[in-house]
Amino acid sequence: SAGLGGAAMSSGGTLSILRSDSYAELSQYRDQHFRGTRYDQERLLRKSCTLYVGNLSFYTTEEQIHELFGKSGDIKKVIMGLDKVKKTACGFCFVEYYARGDAENAMRYINGTRLDDRIIRTDWDAGFKEGRQYGRGRSGGQVRDEYRQDYDAGRGGYGKTVQ
Amino acid sequence: MSRRRHSDDSDAGQPHKRRRTSEPSEIEERLESLICRVGEKSNSSLESNLEGLAGVLEADLPNYKSKILRILCTVARLLPEKLTVYTTLVGLLNARNYNFGGEFVEAMIRQLKECLKVNMYNEAVHLVRFLSDLVNCHVIAAPSMVAMFENFVSVTQEEDVPQVSKRSVGSLGLFYNLSVPFVLGKELYEKKDAEMDRLLSQTESYLKRRQKIHVPMLQVWTADKPHPQEEYLDCLWSQIQKLKKDRWQERHILRPYLAFDSVLCEALQHNLPPFTPPPHTEDSVYPMPRVIFRMFDYTDDPEGPVMPGSHSVERFVIEENLHCIIKSHWKERKTCAAQLLSYPGNNKIPLNYHIVEVIFAELFQLPSPPHIEVMYTTLLIELCKLQPGSLPQVLAQATEMLYMRLDTMNTTCVDRFINWFSHHLSNFQFRWSWEDWSDCLTQDLEKPKPKFVREVLEKCMRLSYHQRIIDIVPASFSVLSPANPVCIYKYGDESNRSLPGYTVALCLTIAIKNKASNDEIFSILKDVPNPNQDDDDGEGFTFNPLKIEVFVQTLLHLAAKSFSHSFSALAKFHEVFKTLAESDEGKLHVLRVVYEVWKNHPQMIAVLVDKMIRTQIVDCAAVANWIFSSELAHDFTRFYIWEILHSTIRKMNKHVLKIHKELEETKARLARQHKRRDSDDDDDDDDRSTDREDGPLEEQIERLQEKVESAQSEQKNLFLVIFQRFIMLLTEHLVRCETGGIDVFTPWYKSCIERLQQIFLQHHQIIQQYMVTLENLLFTAELDHHILAVFQQFCALQA
């Protein structure tokens, strides 16, 4: 079993190179809208079972997300990110697992792979709260789609300021 | 090799004060880093790096001896792929400092004992191999090593009954792993040939005596062509035989100590303290027996370097080392891929083929892969990224080969193949030469090949959408394409007006759309007649299949838009569900209706069943009974059914563990409370107050104890139901075939019997508890021998 791989023993030890788990670590990103201290936020992130998933196509469905993220464990809930105005999918979601270990495996093996032909990104989330399912961009979608210069067919074409 | 002081590091942009001298913990980190990194790509030769490192460590011995001992013991245990690098290092240190060599050997023996005591079997093997190679480095005297082997092999002599006895397997495994190829390096063999011959012949007689009924359960393919899948020890034995024939010459392994022969020869050797393997106890856990997976041989890559033969020592060493690399770096996919691809000897062996074979060996391993399945998919993707010009082709070749051999592939392994291939394709725009597989179109749809393609396309659809799948396959494959996952609502059309319950369905629809409460729903449903007229016990809530039908059909139809909509519906009308599904028949009928509505969308069925179990609308036994019901016979061999069943069993298992954990935690709290009280002032003799303190916790423990027992009973019942239903189904088939004079081995039968095996294998630890019940109640001697064989194989596995 995987647990035998690096256990410390009284006459031996473990090695830092084998403890490395960079994919499951916290990123530099901190949600600026989080209500609480930095310390609170990081404490929540370190025990969270919820992941933020970004760079989804607007057309990616809850079913597809469930299928892909179900590969790392049982999913408790998927919450689709919505355009605040249109109330349609705007390219992100939250995936909550029952067990943190399953979320860690998603960070290790699903983050950076493709869904609907797009490389998706996952990151730890401090936990869903009502209201967080809406985009924070001025036009109702995500901030990144406000200022984007490129054309992205899966995310409404050009960025909002370009349009 | 110079060791830079910490203050010499350039810490760009760091405003903190630079330390003038290095902290001990930093030196220790540095030591660990130096030791771990030796042997990696470097500008200097490995020999000069080892020489330099030995010098550095020797200088640090006065201050950091225990840390250095710990690090070296740890790399011996956890980095077996670099074994000879570290045995050489220890050899050099021993030559410079005899006492250190002695202390290292003692520390290794202590570590070995600890490993065996806590069942860390694989790591014990690495340690024994390390010790044996230390003979070649002149650290350990050969006779004392031989004495250790004799102790291990003598374990096999203890057993009179020829079983697969795991203890023997364990000890023998140890003996073998060390003897291939290190100890039986020419030098040792020449000096101690009489003892070695005796050990080998004892081993051979044990191998011949033991039975191997468990082996078929662990084989990926039921056929022996093109590559036999040998039981692990048999394969090793063949490798030893071949090595012996080659006069113990082995040239593949890097042996840095050869370059230091003149220095090492002068060193004094140590004797191993006497060592006996710890006795077998109730708690001893041994690793499952293994079968060697092979899919390639030298004919598969005619252009490239020759792949070492299946019984060659080279093959053994390469495979072991690649497995070790995965075990070391499974959490870091980029590192893992890079380490695999930089395995030495790249141009002398077809490394890509070895890597692919080793990865599939793990993915298809029975009973379970060493790591989570999705890791292998992502690892292969990383490897393709690093070797875009060569690895994808090997992978395609492997896929083709696996497809060709589907007819004899174990059903569990086919499941994993389906999951891997569909997920892999979804990362590469589903590009595949489907026409190459047109041969499956002419076969009966239940045959393994068309079945495989159907299941793959269904999984591909789940990761994309229906039209995409229609677009990616040739028109001829439409017969294998998945159904459009739409909901089937029987009360939908005006033309269904005549159906009983139609008007109530309409009524319900309007009410639900107007945000009716549970009570309003109940009152609407009261008007539904009960086709089972006789069962009205006056309380109004008896099993009424029509009520269930109308309610569930309507609700699921209204909530069909997405999973979230359906989950909300289940939550909102939970009370109605619970009431309608109160009886066992009710639960079964709810599941039947869910299936009728969503039979085109297996994924939806799975998530609904999951939610209904978690919210206790149905229980696990109901799901098991539903899966074996005649209504589901048509879908019985479909992959999604078994995903649902295994998911259900897992939920049950997790539930038992959770309550058990709660019980243990509460007991611990009580114990702590007692301890606190005992350590407090003893003057307070008020018994009543202590009772009052303990009261709530003790009550809680009692309640939890009951909960645990009830959960365990439910868990046992679930397995009994499943086994019972399998036996019924299989017996029916066998009887029908016998009386009809037809061959038993239909595709359905193969699938069914392997699904039964799968239950045993996937949940063997739990099922072990029920052996007596199973033997006395279900798998009795009167059972058809086909079915009994599965049980007997499982028993053999547990021995």
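Here is a check on your reading of the model: is B:Pro369 assigned to a loop (DSSP other than H, G, I, E, B), more than 30 Å from B:Ile470 (Cβ to Cβ) and within 14 Å of chain A (Cβ to nearest Cβ)?
Details: assigned to a loop (DSSP other than H, G, I, E, B): yes; more than 30 Å from B:Ile470 (Cβ to Cβ): yes; within 14 Å of chain A (Cβ to nearest Cβ): yes.
Answer is yes for this residue.
Using the structure shown, decide if B:Thr378 is without any contact (Cβ under 8 Å) to a residue 12 or more places away in the chain and either of a type in the set (Val, Ile, Thr) or under 23 Å from A:Ser22 (Cα atoms) (or both).
no
Is it the case, given these coordinates, that B:Thr377 is under 24 Å from the mean Cα position of the chain (by Cα) and at pLDDT below 95?
Against the criterion (under 24 Å from the mean Cα position of the chain (by Cα) and at pLDDT below 95), B:Thr377 does not qualify.
Going through segment B:229-253 one residue at a time, which ones are buried (at least 16 other Cβ atoms within 10 Å of the Cβ) and part of a loop (DSSP other than H, G, I, E, B)?
Scanning segment B:229-253 gives B:Gln229, B:Glu230, B:Trp248, B:Glu250, B:His252, B:Ile253.
If I filter segment B:317-333 for residues that are part of a loop (DSSP other than H, G, I, E, B), farther than 30 Å from B:Thr377 by Cβ and at pLDDT 85 or above, do I get at least one hit?
Within segment B:317-333, none of the residues are part of a loop (DSSP other than H, G, I, E, B), farther than 30 Å from B:Thr377 by Cβ and at pLDDT 85 or above.
Any residue in segment A:114-130 that's more than 9 Å from chain B (Cβ to nearest Cβ): show its pairings with residues that are aromatic (Phe, Trp, Tyr) and in a loop (DSSP other than H, G, I, E, B) at Cβ separation under 7 Å, as long as the two are six or more apart or on different chains.
A:Asp123/A:Tyr29; A:Ala126/A:Phe34
So, in segment B:458-473, of the ones that are part of a loop (DSSP other than H, G, I, E, B) and over 11 Å from B:Trp432 (Cβ atoms), which residue ends up nearest to the chain's Cα centre (by Cα)?
Only one residue tops the list, namely B:Ser464.
Whether any residue in segment B:356-363 is within 11 Å of chain A (Cβ to nearest Cβ) and under 24 Å from the mean Cα position of the chain (by Cα) is what I want to check.
Looking through segment B:356-363, none of the residues is within 11 Å of chain A (Cβ to nearest Cβ) and under 24 Å from the mean Cα position of the chain (by Cα).
List the number of the failed condition for B:Tyr376; all other conditions in (1) in contact with a His (Cβ under 9 Å, 6 or more places away or on another chain); (2) under 30 Å from B:Asp224 (Cβ atoms); (3) within 12 Å of chain A (Cβ to nearest Cβ) hold.
(1)
Only residues in segment B:586-611 that are within 14 Å of another protein chain (Cβ to nearest Cβ) count as the first member; pair them with residues that are in a helix (DSSP H, G or I) and of a type in the set (D, E, K, R), Cβ under 7 angstrom, at least 6 apart or cross-chain, and list the lot.
B:Gln603/A:Glu63; B:Gln603/A:Glu67; B:Gln603/B:Arg462; B:Ala606/B:Glu643
Name the residue that is surrounded by the fewest Cβ atoms within 10 Å (Cβ to Cβ), counting only residues in segment A:54-91 that are more than 8 Å from every other protein chain (Cβ to nearest Cβ), touching a strand residue (DSSP E or B) at 6+ places or on another chain (Cβ under 8 Å) and small (Gly, Ala, Ser).
So, considering only residues that are more than 8 Å from every other protein chain (Cβ to nearest Cβ), touching a strand residue (DSSP E or B) at 6+ places or on another chain (Cβ under 8 Å) and small (Gly, Ala, Ser), the one surrounded by the fewest Cβ atoms within 10 Å (Cβ to Cβ) is A:Gly54.
Has segment A:29-51 got at least one residue that is buried (at least 18 other Cβ atoms within 10 Å of the Cβ), under 25 Å from B:Glu373 (Cα atoms) and within 14 Å of chain B (Cβ to nearest Cβ)?
no
Please state which one of B:Glu400, B:Glu446, B:Glu435, B:Glu455 is surrounded by 17 or more Cβ atoms within 10 Å (Cβ to Cβ) and either in a helix (DSSP H, G or I) or touching a helix residue (DSSP H, G or I) at 6+ places or on another chain (Cβ under 8 Å) (or both).
B:Glu455
Is at least one residue of segment B:379-386 within 14 Å of chain A (Cβ to nearest Cβ), more than 20 Å from B:Lys327 (Cα to Cα) and of a type in the set (Val, Ile, Thr)?
no
Do the conditions hold for A:Met107, that is, is it assigned to a strand (DSSP E or B), within 12 Å of chain B (Cβ to nearest Cβ) and of a type outside the set (Val, Ile, Thr)?
On the way: assigned to a strand (DSSP E or B): no; within 12 Å of chain B (Cβ to nearest Cβ): yes; of a type outside the set (Val, Ile, Thr): yes.
Judged against the criteria, A:Met107 is not a match.
Out of all the residues in segment A:8-25, is one or more surrounded by fewer than 13 Cβ atoms within 10 Å (Cβ to Cβ), more than 7 Å from chain B (Cβ to nearest Cβ), modelled with pLDDT of 95 or more and at positive phi?
No, segment A:8-25 contains no residue that is surrounded by fewer than 13 Cβ atoms within 10 Å (Cβ to Cβ), more than 7 Å from chain B (Cβ to nearest Cβ), modelled with pLDDT of 95 or more and at positive phi.
Just to be sure I understand the filter: pairs with C-beta atoms under 6 Å, separated by 6 or more residues or on different chains, first member in segment B:507-520 and charged (D, E, K, R), second member modelled with pLDDT of 95 or more. Which pairs pass?
Hits for this filter: B:Glu520/B:Ala511.
Just give me the residues in segment B:25-47 being in contact (Cβ under 8 Å) with a residue 24 or more places away in the chain and part of a helix (DSSP H, G or I), in sequence order.
Correct list: B:Ile27, B:Glu28, B:Arg30, B:Leu31, B:Glu32, B:Leu34, B:Ile35, B:Cys36, B:Leu46, B:Glu47.
Return the only residue of B:Ala147, B:Ala76 being assigned to a helix (DSSP H, G or I) and touching a Gly at 6+ places or on another chain (Cβ under 9 Å).
Within the list B:Ala147, B:Ala76, the selection yields B:Ala76.
Quick one: which of B:Phe543, B:Phe522 is assigned to a loop (DSSP other than H, G, I, E, B), under 49 Å from the mean Cα position of the chain (by Cα) and at pLDDT 85 or above?
B:Phe543
Name the pairs whose Cβ atoms lie under 6 Å apart, with the first residue in segment B:565-582 and closer than 23 Å to B:Phe543 by Cβ, the second small (Gly, Ala, Ser), and 6 or more positions between them or separate chains?
Correct list of pairs: B:Ala569/B:Ala559; B:Leu580/B:Gly586.
Please tell me if B:Leu199 is at pLDDT 80 or above and more than 30 Å from B:Gln769 (Cβ to Cβ).
no
Could you tell me whether any residue of segment B:39-52 is crowded, with 22+ Cβ neighbours inside 10 Å and farther than 22 Å from A:Thr14 by Cβ?
Yes, segment B:39-52 contains at least one residue that is crowded, with 22+ Cβ neighbours inside 10 Å and farther than 22 Å from A:Thr14 by Cβ.
State yes or no: is B:Leu445 hydrophobic (A, V, I, L, M, F, W, C) and within 46 Å of the chain's Cα centre (by Cα)? Explain how you work it out, then say what you get.
On the way: hydrophobic (A, V, I, L, M, F, W, C): yes; within 46 Å of the chain's Cα centre (by Cα): yes.
Criteria met by B:Leu445.
In segment B:555-564, what residues are in contact (Cβ under 8 Å) with a residue 40 or more places away in the chain and either within 14 Å of chain A (Cβ to nearest Cβ) or touching a Cys at 6+ places or on another chain (Cβ under 9 Å) (or both)?
If the condition is that a residue be in contact (Cβ under 8 Å) with a residue 40 or more places away in the chain and either within 14 Å of chain A (Cβ to nearest Cβ) or touching a Cys at 6+ places or on another chain (Cβ under 9 Å) (or both), then B:Leu556, B:His557, B:Ala560, B:Phe563 are the ones that fit.
So which of B:Pro367, B:Pro388 is on the phi < 0 side of the Ramachandran plot, surrounded by fewer than 22 Cβ atoms within 10 Å (Cβ to Cβ) and at pLDDT below 95? Don't jump to the end; show me each part of the working.
Working: B:Pro388 fails: at pLDDT below 95.
The unique qualifying residue is B:Pro367.
Are any residues in segment A:44-99 farther than 17 Å from A:Ala24 by Cβ and of a type in the set (D, E, K, R), and if so, which ones?
A:Glu62, A:Glu63, A:Glu67, A:Asp74, A:Lys76, A:Lys77, A:Asp83, A:Lys84, A:Lys86, A:Lys87
Consider segment B:718-748. How many of its residues are among the aromatic types (Phe, Trp, Tyr) and surrounded by 16 or more Cβ atoms within 10 Å (Cβ to Cβ)?
Here the count works out to 3.
Does B:Arg416 satisfy the criteria of being out of contact with any His (no Cβ under 8 Å at 6 or more places or on another chain), within 13 Å of another protein chain (Cβ to nearest Cβ), not in a helix (DSSP H, G or I) and not polar (S, T, N, Q)?
no
The values are calculated or read from the model by the stated rules, or taken from the named source; none is laboratory data. Worth saying up front: this structure is predicted, and the values here are computed from it rather than measured. Neighbour counts are summed over all protein chains in view; Cβ atoms, including those assigned to glycine, are modelled from backbone coordinates with ideal geometry.
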